1. So D242 passes all but one of these: (1) part of a helix (DSSP H, G or I); (2) charged (D, E, K, R); (3) touching a residue at least 40 places away in the same chain (Cβ under 8 Å); (4) open to solvent by 20 Å² or more (accessible area, probe 1.4 Å). Which condition number does it fail?
2. Just one of the numbered conditions (1) surrounded by fewer than 17 Cβ atoms within 10 Å (Cβ to Cβ); (2) in a helix (DSSP H, G or I); (3) under 24 Å from the mean Cα position of the chain (by Cα) is not true of L388; which one?
3. Any residue in the range 115-126 that is closer than 10 Å to V218 by Cβ and in contact (Cβ under 8 Å) with a residue 12 or more places away in the chain sitting within a Cβ distance under 8 Å of a residue that is part of a loop (DSSP other than H, G, I, E, B) and open to solvent by less than 100 Å² (accessible area, probe 1.4 Å)? List the pairs, counting only those 6 or more apart or interchain.
4. Against the condition open to solvent by less than 20 Å² (accessible area, probe 1.4 Å), at pLDDT 85 or above and under 23 Å from N232 (Cβ atoms), how does L84 come out, does it pass?
5. Among the candidates F280, F252, which residue alone is among the hydrophobic types (A, V, I, L, M, F, W, C), assigned to a helix (DSSP H, G or I), over 19 Å from the mean Cα position of the chain (by Cα) and within 30 Å of D475 (Cβ to Cβ)?
6. Which is surrounded by fewer than 15 Cβ atoms within 10 Å (Cβ to Cβ), modelled with pLDDT under 90 and part of a helix (DSSP H, G or I), of R189, R197?
7. Among (1) in contact (Cβ under 8 Å) with a residue 60 or more places away in the chain; (2) out of contact with any helix residue (DSSP H, G or I) (no Cβ under 8 Å at 6 or more places or on another chain); (3) at positive phi, which single condition is Q62 missing?
Amino acid sequence: MPPVSDSPLGQEWLFDLVRGLMLRPERGQRPATRALPILVVEGAHGGGKTQLLAGLEKRADQRVPWARVDFGTLGAQDGAAQVLSSLAFQLGRSTPVYGELECPRLTTGLKAMQLKLKPDRRDAARAAVVEALGEERDRAALQEILRESAGTALDVVLAASGVSPSTSAGGLANVTVDALRDRLTRRPRGRRIVLGRYQDWYGHRGRGLTHNSLDVLVDLNQWNANPRVEGNGQKIGELLWDAFLTDLREGFDSARHSKDLSQSALILLDDVDTALGVSFLNGLAAVRGALDIGNRHGPAPVVFAATSRGVLLAHALPGEVAEVDRQERGALPPLDPVPAWLRVRLPDLTAAEISQALTERTHREGDESQLTTMITDLTGGHPASVSLLLTAVARHPGLWSEPAALLDVPATTTEIDPVGVGTLMERVLLGTDTQTRVNRDDLEICAVAVRRQHALWLGTGDDALLAGGLAGFDDIDRVLWPQVSGAAPVLLRRLLLRDLALHDKDRLPAVEGLPDPDGSVTLWGQAFGRMRQNTLPKRFAEEPPDSAQDTALTAEIATGLYYALASGDLEEVVTRFDLAVGLGSSASWLSALGTVVRAPRRRRAPATPALSPMDQMRALASQAPSMGRSTRHVAELVAALWVVNDPFLGNRRRILHRHIAHVLTGLVDRWPLDNESLYETAQRHEDAAGRWS
């Protein structure tokens, strides 16, 4: 699979990895297949997983046999047999050098499954199998068996090939055998095959077993006829997987140009976190391991690449999973013994990659560092969100300096009622399945919680804020605290909180972050107030601490102050940090402050004019007490850092950074023997000032 120049941003190393996995090194002047793990690419919605598979598909087409299945499109009626049928059907495409891969053993089993057998008459059932398999069939007839077995699992593939699926009640693609042959296999009728030649395999399975092959096929038929019997699905999957992998191995070995087949086939499995997807892949891993151990013919020449949001391998044992990342540039780690899985976590885009994309897609002149930093800070490098913002900048170049304004412009120019960029970002981050399953209001309310355990407080008690209580919390949990880490959940939470503020549009403040006159009135105030009460039950602004020990800024206290600041209670935050000035190390004081000032700011009313960052700082600092010089310094520092850490802030930050450096320098004398951290932090803000307008 040769390289292609149009690689998605930041993914070329992954194409190199798959290309390396597919190579079949020569052994005895013939290509040989290595035992390899199943590649699992993990990432969030919009992280580039499906784009990666599309790129792999493009690179594989007409170069190696390939097939693709999206488990997110399959229904409850589909199982391992349908998926394997779809894969086998697609591998029958004509590919230069490789020809057309046939799966006669799999097709034999599938044909046996389609028969109407009477379980109480074993002899008659055997005879019916013999009769069905004894008929000569050309290639089109074999493909028709696969098509009928695949059912709806093949509809998407047929549609992509230009064959329209039927709208009949059965839901199967209503196409002629000739159309299938012409469009997907492009081969004349050619040789005819008797499936009965392959029935013996079901007795020995290439491993010296001594089963009666007809009895095995009759049993397979009955397992399929009784899908609700526990274990039947697993037995079907194991037997058909074995047949499928054997067919691939034999297809390569017996090919006319077998000495030239230097790369394995490629099977792409998208969105495997469904119940069927997890079962299917776990079945593959189990069967593959057992076959590779005892098979003298070696592994099947196929590379499996699956995409997941972390569910598939959530409970895998450490020894079963190897990992490779971008820093290794796609180089395989030592695989001895070969694990079942090879995990790749899709990284978010770096600032350098965003800068490159900005140059390529917007064609703007001049220094792009400010815009690159704002996009990076807002999105965290989430690929789909970065792409949406870059498109918005290209269409609305005058808004480049205000990320918050870009979120409100239409994401497309073709829709009658287009959605905004921010709304489309949310839809991408949530995924289609989540949008229909989760209560949207409850999701926005739970977005206030830093930790999963904190969100539970919102759904309990007589004054629960969640409309559904904790009934739908498992779905919310999977959205806000997913198995995969990265920028996606952070960005989603930011966007959900912007929407949470709009529940009380008529009470939005004039300056981002200002509290309501009565914080309990708005849903924002109630939600963050609940968080603050549970993490910070005592307000030092009203009730001074009993001892200096009570003023310690522990991690839990910092989290409570984060909630307090989000609710607009600058008075309590400033009081706490003022009391801790000079106590403990300056580094720990700054670390706690860094945690707190990442709190979200409630958006301002759209009708109010936007203030400069310095004016925003002054308005916020005025909410805090002014008892003395250090209190004033602390109030301005908290407010200034809160503003400058806002990911929706524009590019007018220079004066604010310089003011932060000035205030930090003013606190140096409060830590006379421990002020290096203050000087270093002040210098960083002085340096940052030079990068902003």
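1. Of the numbered conditions (1) part of a helix (DSSP H, G or I); (2) charged (D, E, K, R); (3) touching a residue at least 40 places away in the same chain (Cβ under 8 Å); (4) open to solvent by 20 Å² or more (accessible area, probe 1.4 Å), the odd one out for D242 is (4).
2. L388 satisfies every listed condition except (1).
3. What qualifies is A125/L117; A125/P119.
4. yes
5. Unique residue meeting the criteria: F280.
6. R197 is the lone residue from the list that is surrounded by fewer than 15 Cβ atoms within 10 Å (Cβ to Cβ), modelled with pLDDT under 90 and part of a helix (DSSP H, G or I).
7. Evaluating Q62 over (1) in contact (Cβ under 8 Å) with a residue 60 or more places away in the chain; (2) out of contact with any helix residue (DSSP H, G or I) (no Cβ under 8 Å at 6 or more places or on another chain); (3) at positive phi leaves (1) as the failure.
Here is a yes/no grid of residues against (1) aliphatic (A, V, I, L, M); (2) modelled with pLDDT of 90 or more:
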position: L565; (1), (2): yes, yes
position: E571; (1), (2): no, yes
position: V574; (1), (2): yes, yes
position: R601; (1), (2): no, yes
position: G628; (1), (2): no, no
position: V644; (1), (2): yes, yes
position: I660; (1), (2): yes, yes
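The values are calculated or read from the model by the stated rules, or taken from the named source; none is laboratory data. Quick caveat, the model's predicted, so the values are computed rather than measured. We place every Cβ from the backbone using ideal geometry, glycine too, and count neighbours over all the protein chains shown. Side chains included, ligands, DNA and RNA excluded: accessible areas come from the protein's heavy atoms. Shrake-Rupley method; radii C 1.70, N 1.55, O 1.52, S 1.80 Å.
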